[in-house]
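Note sheet for the following structure.
Readers should treat all values here as calculations from the given coordinates under stated rules, not as data from a laboratory. Everything quoted here is computed from the prediction, not taken from an experiment. Glycine also receives a Cβ, built like all others from the backbone with ideal geometry; neighbour counts cover every protein chain displayed.
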């Protein structure tokens, strides 16, 4: 678990950065200095309202998680402790930030939270148990 979760963080950084450059658009409409405006004509919401920079926030927070994983690897911890701790932190982060996603799916219509938030709850429960 220590290796699996720790290796996820650098891969997630690359994935979120690639999604951002590829024009994967998500985030609630949010007009502020940190908002993202997609001006590429191939973007699904090109030239529309600025969006909350959810991919950028994910890149920063997952980068902090990768740094924390590296720092925790220097300490002598019981096997699996670092992986479960980081999984719980990532699940809590994903659950909270997905409220700014802006996309609706069938789960949000039925139970008020979307599929990534359901997975985040499973991550936290699994890490806790």
Exercise for the section: Could you tell me, in Å, what Rg and Dmax come out for the Cα atoms of the stretch 45-97? Expected result: 15.1, 51
Exercise for the section: Estimate the FRET efficiency between residue 110 and residue 67 by the formula 1/(1 + (r/R0)^6), using the beta-carbon distance for r and 35 Å for R0, to the nearest 0.05. Expected result: 0.40
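What percent does the relative contact order of the stretch 48-129 come to when contacts are Cα pairs within less than 8 Å and at least six residues apart? Numbers along the way, then the final one.
Numbers: 56 pairs, mean separation 26.0, N = 82.
Computed value for the stretch 48-129: 32 percent relative contact order.
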